[in-house]
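Participant: So that we are looking at the same thing, I have put the structure below in structure tokens.
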Amino acid sequence: MPLGKQCNPLCPFFKCSKNALVIVNKVVKGHVQKVAMCRWIGDQCLGVRCQFAFCERRALLPDGTCAFAIRFRESGDEFLKEVEKESLDNGVRDLLSRRVGRRGSLAD
């Protein structure tokens, strides 16, 4: 989910053009949290301030706001449905359907 209106580097659509984004578990004040790390600089990801950051769904606006946050402002359920729908891309669906042998069960 976006952080307010700002794009979140933990979003599944947030990508790095240098392929340096990695999600790690980090202990912060005794609690385990997921943190976006940049392998290129060796520190936490800068998020929308990084020049190599982009959105896979083209929802990252130039000022760092997420178009999905504006579009699905009232209900986060619609955003989660969008993420769930895109969790398996078409190539993975085709591969799984060939392995399982049923095309209709994984298609929708």
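Since every read-out is calculated from the coordinates, none of them should be taken as a lab result. Computed from a predicted model, the values in this text were never measured in an experiment. Counting neighbours? That spans all protein chains shown, and the Cβs are built from the backbone with ideal geometry, glycine included.
Participant: Could you work out how much longer the chain between S17 and R71 gets when fully extended? Use 0.36 nm per residue separation minus the Cα distance between them, nm to one decimal.
Facilitator: Result for the pair: 16.9 nm of gain on full extension.
Participant: What ranking, highest mean first, results for peptides 5-15, 38-48, 20-30 when packing means the other Cβ atoms within 10 Å averaged over each residue?
Facilitator: Ranked from most to least packed, the peptides come out as 5-15, 38-48, 20-30.
Participant: Given +1 on the Cβ of Lys and Arg, -1 on the Cβ of Asp and Glu, and no further charges, what dipole in debye does segment 26-72 carry about its Cα centre, rounded to the nearest 20?
Facilitator: Taking the Cα centre of segment 26-72 as origin, the dipole is about 160 debye.
Participant: Multiply the residue gap between W40 and F52 by 0.36 nm, knock off their C-alpha separation, and tell me the result in nm, one decimal place.
Facilitator: 3.2 nm
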